[in-house]
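I have placed the structure first, in the form of structure tokens, so that the comments after it can refer back to it.
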Amino acid sequence: MPELVTPTETLHASWLAALAEWPAGAHQDGGGLRLAPGGDLADPAVFAEWVDTLRRQADTSVAVGEGRVHATHWWIVEGDDYVGAIDLRHYLNDVLLDLGGHIGYSVRPSFRRRGVATWALGAVLPEARALGLERVLVTCDDGNTASARTVERNGGVLEDVRSTPAGVKRRYWIAL
């Protein structure tokens, strides 16, 4: 049974094994890789610094960088296995309103087609409600039918499909 955990250094080896399953340079929605410091995440010290950055991004008493928003990050785990990541952005800026949404998620390739993303998105919706959000925007690439089904299974209502600087995106709203 999957669970959501705060990012932790103890999953370093499993996280690296998951990373090896992705094509080089692949974007992992909700993974927070854009927040990684310079350096090799295989280095435990660099990894620990990145994990700390992910945890601090939820702290609204700390300013976030230019173009960033406060967000809570969770890792999806099954036992000692890192399965994926999901994040909840506390509010939207213009970029997120257009193409990113409130919630991003990704599942390790070897754990796909098991309902993990659907479960994780459903588990984060009460957290969004607890932040005071009345609805959340979730987007996916137009051709990503698996992600579209995940959002729809969690009550997502398609608002539109639009061209963005990151490609054609499907934009769904989920009422909380």
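The values are calculated or read from the model by the stated rules, or taken from the named source; none is laboratory data. A quick note: this is a predicted structure, and the numbers were derived from the prediction, not measured. Methodologically, a virtual Cβ is constructed for each residue, glycine included, from the backbone with ideal geometry; neighbour enumeration extends over all protein chains shown.
Summary table
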read-out: Pair list, Cβ under 8 Å, 6 or more apart: the stretch 98-122 residue farther than 16 Å from Val5 by Cβ, other residue at pLDDT below 90 and of a type in the set (A, V, I, L, M); value: Leu99/Ala166
read-out: Tally of residues being closer than 21 Å to Ala120 by Cα and of a type in the set (Asp, Glu) across the stretch 54-107; value: 4
read-out: Count - residues of the stretch 9-47 that are surrounded by fewer than 16 Cβ atoms within 10 Å (Cβ to Cβ), free of Cβ contacts under 8 Å to residues at least 24 places away in the same chain and in a helix (DSSP H, G or I); value: 6
read-out: Every residue from the stretch 48-64 that is of a type outside the set (A, V, I, L, M, F, W, C) and assigned to a helix (DSSP H, G or I); value: Glu49, Asp52, Thr53, Arg55, Arg56
read-out: Thr53 being of a type in the set (S, T, N, Q), touching a residue at least 12 places away in the same chain (Cβ under 8 Å) and within 25 Å of Leu99 (Cα to Cα); value: yes
read-out: Filtered residues of the stretch 90-109 (kept if over 21 Å from Val161 (Cα atoms) and in contact with a strand residue (DSSP E or B) (Cβ under 9 Å, 6 or more places away or on another chain)); value: His90, Val107, Arg108
read-out: Filter result for Thr53 (under 17 Å from the mean Cα position of the chain (by Cα), β-branched (Val, Ile, Thr) and over 30 Å from Asp160 (Cβ atoms)); value: yes
read-out: Selection count where residues are at positive phi and under 19 Å from the mean Cα position of the chain (by Cα), scope the stretch 7-50; value: 3
